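What follows is one structure encoded as structure tokens, with my remarks underneath.
The values are calculated or read from the model by the stated rules, or taken from the named source; none is laboratory data. Bear in mind the structure is a predicted one, so any value in this text is a computation, not a measurement. Cβ placement follows ideal geometry from the backbone for every residue including glycine, while neighbour counts extend to all protein chains displayed. In case anyone asks, the SASA skips ligands and DNA or RNA and just uses the protein heavy atoms, side chains included. Shrake-Rupley method; radii C 1.70, N 1.55, O 1.52, S 1.80 Å.
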Amino acid sequence: MTSNNSFIAAAVQLRPQQSLQQNLAAAELLIGQAADAGSRLVVVPENFAYLGFSDLTEIGLAEQRNGPVYEFLSEQARRHSLWLVGGTVPVSDTDSAKPFARSWLFDPRGDLAQYYDKIHLFDVDVPKSKDGVSQQVSYRESDDYRSARDVVVAATDHCQLGMTVCYDLRFAELYRQLADGDAQVVAVPAAFTAATGRDHWELLLRARAVENQLFVIGANMVDRDHPRRGLWGGSAIIDPWGTVLARVDDEPGVAIAEIDLDRLAEIRSKMPVAQHRKLGGF
């Protein structure tokens, strides 16, 4: 049972499927499970509907005006009467066909309440070992997506929600700005690689939670053994003390936990690090 100042949240973990329809069906099932458990805020992973698809310009234009994933997420939020962070979806605007990686937030009526466009794009070379041989996998997200600039904290019925995506997790200054913007909970939809996620995913979730005294909800894709683009999974909900409240390992599933804002207030009151800062903002 939750108190008046708490609510149930969920991080959905999904494995990529072969078609849009299969991806949406898998998401529908787990969103329903989260709702049945009483979740009022649900986060699904980055690019959960289109991961591995190549025609992102066409998809971005289709999703620009109430495309299939937009309509799906709106309907899920309305059906279950919950707040839904819709991972990311490629969305183009009128200035460029190259899309943003856009994270939509839908309210319990199914209306779009806010959106966040991913700021930090994953342009890295990731080490990988196969059969004892060291290899390197290159990712160039900027080849397919545009980066954005706006930091977003959204007001929901339950909390002030900071919005981030995947690689953003490595940039502490973004999370400090979210905390300074009165965020209490931060959503992190992700498709974190297996090569980096093994060592860094949960470490970074916990670090961002502790240093900014926030709840952090990390919803990741999973497919650790994929030969080209292994995905770590490990979706988790972290409290402001760095405690892992719920976790999913390496299979599709749902991490569900209570978000207790009284606990947040207590931690910030007893250890007021925001008031003790000496070096100012980043």
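Restricting the first residue to the stretch 234-256 and requiring it to be farther than 15 Å from VAL188 by Cα, which pairs with a second residue that is open to solvent by less than 60 Å² (accessible area, probe 1.4 Å) and of a type in the set (D, E, K, R) meet a Cβ separation below 7 Å and a spacing of at least six or different chains?
LEU245/ASP239
With respect to the numbered conditions (1) open to solvent by 10 Å² or more (accessible area, probe 1.4 Å); (2) farther than 30 Å from ALA37 by Cα, which one is the sole condition not fulfilled by TYR115?
(2)
For the list (1) open to solvent by 60 Å² or more (accessible area, probe 1.4 Å); (2) over 24 Å from MET163 (Cα atoms); (3) part of a loop (DSSP other than H, G, I, E, B); (4) not acidic (Asp, Glu), I need the number of the one condition that GLN22 fails.
(3)
Might you let me know whether the stretch 145-156 holds any residue that is more than 30 Å from ARG224 (Cβ to Cβ), surrounded by 14 or more Cβ atoms within 10 Å (Cβ to Cβ) and not hydrophobic (A, V, I, L, M, F, W, C)?
There is at least one residue in the stretch 145-156 that is more than 30 Å from ARG224 (Cβ to Cβ), surrounded by 14 or more Cβ atoms within 10 Å (Cβ to Cβ) and not hydrophobic (A, V, I, L, M, F, W, C).
Give me the pairs: first residue in the stretch 14-40 and free of Cβ contacts under 8 Å to residues at least 40 places away in the same chain, second residue in a helix (DSSP H, G or I), beta-carbon distance under 7 Å, and six or more apart or on different chains, which are they?
Every condition considered, the pairs that remain are GLN17/ASN23; GLN17/ALA26.
Just to check your reading of the model, which residue among ALA101, ALA113 is of a type in the set (A, V, I, L, M) and over 27 Å from ASP199 (Cα atoms)?
ALA113
Scan (1) part of a loop (DSSP other than H, G, I, E, B); (2) in contact (Cβ under 8 Å) with a residue 60 or more places away in the chain; (3) in contact with a helix residue (DSSP H, G or I) (Cβ under 8 Å, 6 or more places away or on another chain) for the single condition TYR50 breaks and write down its number.
All conditions pass for TYR50, except number (2).
Could you tell me how many of the residues in the stretch 245-259 are out of contact with any helix residue (DSSP H, G or I) (no Cβ under 9 Å at 6 or more places or on another chain), surrounded by fewer than 21 Cβ atoms within 10 Å (Cβ to Cβ) and assigned to a strand (DSSP E or B)?
The total comes to 3.
Quick one: GLU58 ticks every box in (1) part of a helix (DSSP H, G or I); (2) within 24 Å of GLY253 (Cβ to Cβ); (3) of a type in the set (D, E, K, R) bar one, so which box is it?
Just one mismatch for GLU58, condition (2).
Name every residue in the stretch 175-199 that is open to solvent by 20 Å² or more (accessible area, probe 1.4 Å) and farther than 20 Å from TYR115 by Cα, in order of residue number.
Listed by number, the residues that qualify are ALA195, THR196, ARG198, ASP199.
Determine whether ALA183 is part of a loop (DSSP other than H, G, I, E, B) and in contact with a strand residue (DSSP E or B) (Cβ under 6 Å, 6 or more places away or on another chain).
Yes; evaluated as a whole, the condition is true for this residue.
Residues of the stretch 200-229 being in contact with a strand residue (DSSP E or B) (Cβ under 9 Å, 6 or more places away or on another chain), open to solvent by less than 40 Å² (accessible area, probe 1.4 Å), touching a residue at least 60 places away in the same chain (Cβ under 8 Å) and not aromatic (Phe, Trp, Tyr), which ones?
Passing the criteria: ILE217, GLY218, ALA219, ASN220, MET221, VAL222, ASP223.
Answer yes or no as to whether SER103 is surrounded by fewer than 20 Cβ atoms within 10 Å (Cβ to Cβ), at pLDDT 95 or above and polar (S, T, N, Q).
no
Could you list, in sequence order, all residues of the stretch 25-47 that are part of a loop (DSSP other than H, G, I, E, B), open to solvent by 10 Å² or more (accessible area, probe 1.4 Å) and over 27 Å from ILE119 (Cα atoms)?
ALA37, GLY38 - these are the residues of the stretch 25-47 that are part of a loop (DSSP other than H, G, I, E, B), open to solvent by 10 Å² or more (accessible area, probe 1.4 Å) and over 27 Å from ILE119 (Cα atoms).
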